[in-house]
Every structure is written in structure tokens, then in C-alpha cells.
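Read-outs: derived from the displayed coordinates by stated rules, not from any lab. Bear in mind that the values here come from a model prediction, so they are computed numbers and not experimental data. Methodologically, a virtual Cβ is constructed for each residue, glycine included, from the backbone with ideal geometry; neighbour enumeration extends over all protein chains shown.
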Amino acid sequence: MSGNVAGVLLAAGSGSRFGQPKALVMLGGQSLAARGIALLRAGGASPIVVVTGAAALADRPDDVLSVHNPDWPTGMGSSLAAGLAAVPPGCAAAVVALADQPLVGPESVRRLIAARQAGASVAVACYDGQPRNPVLISREHWPEVVALAVGDVGARPFLRAHPDLVTRVECADTGRPDDIDSPDDLARAEELLAT
């Protein structure tokens, strides 16, 4: 399948449980947003779109498209819609990643893109068989993905509605899908990075 695969990083939330916008939280000398951008880039996604909301990104590279989601308080669904809408027309698919999962490895992105090149129109990174993130979705599915992504859910309703379309890609050996929802989570992530 031809066409570029874009990267979409959802980084709009206020981090209410964390106490500050998680996109700006530092881990290993980088903000979580910068780590997410680096993940998508190293995995082969291009161009990269970052969806902001509660906070602007100070450390965004010039070649990264930034789109502000004014509806970010409504949840992840509106950010996913804003991110997909900002993907340039030449891109046939997008890999969607979350800024608050900084231990996901670039190899997961590479594997999702490889699955698309092998014919998958939807591919989901799985960890020990459990579907998580990132997720690759071909452009033809975006309208339905956006229609079903209401409130604080992203692509999950679409994926559940169309299990026949989903190619599961095992990625447990490439990283971890741990969410950073609290300072304790961040401390655990720092320990894992140090090992």
C-alpha cells in the first residue's frame, strides 16, 4: 500500500490526576510530548502532528505540525478528530500515539507501518496479547473513527465495532504501554528507563 503514514500524538489533556498537563512532564530530560514526537519519528511516521490543548509546547521541532484542540476539555475524542483532520492529504494512514505512554518503543510504530505495507488497514499494538497503543488507521476509516470517538474515548469504539478489520501486532518486546497518570507512575517510569 502506498502513501505516507503520518504520526498523530495526542497531547492535549490537563493531567488533572497528575496535577499538570502531562505533555509538559519531564522524563529522562525530555517532556512527554517531545518523547512522543521522537517515538513516532524514530518509528518512521512522517509528517508528525501534535494535538495540544491545556498547554502549548515550548519544545516542538519546526517540522512538526501542531494543532490546538479548543474542545480538549471534552476528552480524547475531540483531540483524535482534530489530529486526523490536520494530517496532510498525501498521507494514506496515521499512527496514533498518546503522550502519556512514554515507554512505548519506536519498533512498535515500525511494526504497525509494516503491517499496513502487508495489507492491513487497521493495526493495533498488543502487549502480551492485550490491545493498547499505538494504533494505525488507514484514511478510509477516519470518518467513522471520528464519528464514534465521543467524550474521553479515542479509536476504541471503532476497533470494537470492526474486529474483522483489526490486525493485532505483538509489541511486548519493544516497550511498555504504561500510562503516566500520577507522580508514582512517573517515578516507576524513571526507574525502568534507568535499568
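What are the residues whose amide H is under 5 Å from the amide H of H68, where those residues sit 5 or more places off or on another chain and H is modelled from the backbone?
Those qualifying (amide H under 5 Å, at least 5 residues apart or on another chain) are T52.
Compute the Cα gyration tensor for segment 1-92, then decide on rounded, prolate or oblate, letting a ≥ b ≥ c be the square roots of its eigenvalues: rounded whenever a/c is under 1.5, prolate when a/b is larger than b/c in the other cases, and oblate in all that remain.
oblate
Each residue of segment 31-45 in turn: what ³J(HN,Hα) in whole Hz from Karplus with 6.51, -1.76, 1.60 and θ = phi - 60°, glycine and Pro shown as x?
5, 4, 5, 5, 5, x, 4, 4, 4, 5, 5, 5, x, x, 6
Out of residues 5 or more away from A172 or on other chains, whose amide H comes under 5 Å of its own, with H placed 1.01 Å from N in the peptide plane?
Those qualifying (amide H under 5 Å, at least 5 residues apart or on another chain) are D128.
Which one, D178, D100, D152, has the greatest fluctuation when you compute a Gaussian network model over the chain with C-alpha springs under 10 angstrom?
Of D178, D100, D152, the most mobile in the Gaussian network model is D152.
Among T167, T195, which comes first, then next, by fewest other beta-carbon atoms within 10 Å?
Ascending Cβ contact count within 10 Å gives the list T195, T167.
Would you mind checking which residues have amide H under 5 Å from N4's amide H? H placed 1.01 Å from N; only 5 or more apart, or other chain.
Amide H to amide H, under 5 Å and 5 or more residues apart or across chains, N4 pairs with A92.
Which ordering of F18, F158 is given by a fewest-first count of other beta-carbon atoms within 10 Å?
Least crowded to most crowded, the residues run F18, F158.
Which number comes out as Rg/Rh for segment 4-194 once both Rg and the Kirkwood Rh are worked out on C-alpha atoms?
Across segment 4-194, the Cα-based Rg/Rh ratio is 0.93.
Taking other Cβ within 10 Å of each residue's Cβ, how do E144, E191 sort, fewest first?
Ordered by Cβ neighbours within 10 Å, fewest first: E191, E144.
Evaluate the distance, in nm, between pseudo-label points positioned 7 Å from the Cα of A147 and of E191 along their respective Cα→Cβ axes.
Output for this residue pair reads 4.7 nm.
Just want to confirm a number: the relative contact order over the chain, from Cα pairs under 8 angstrom separated by 6+ residues, in percent.
25
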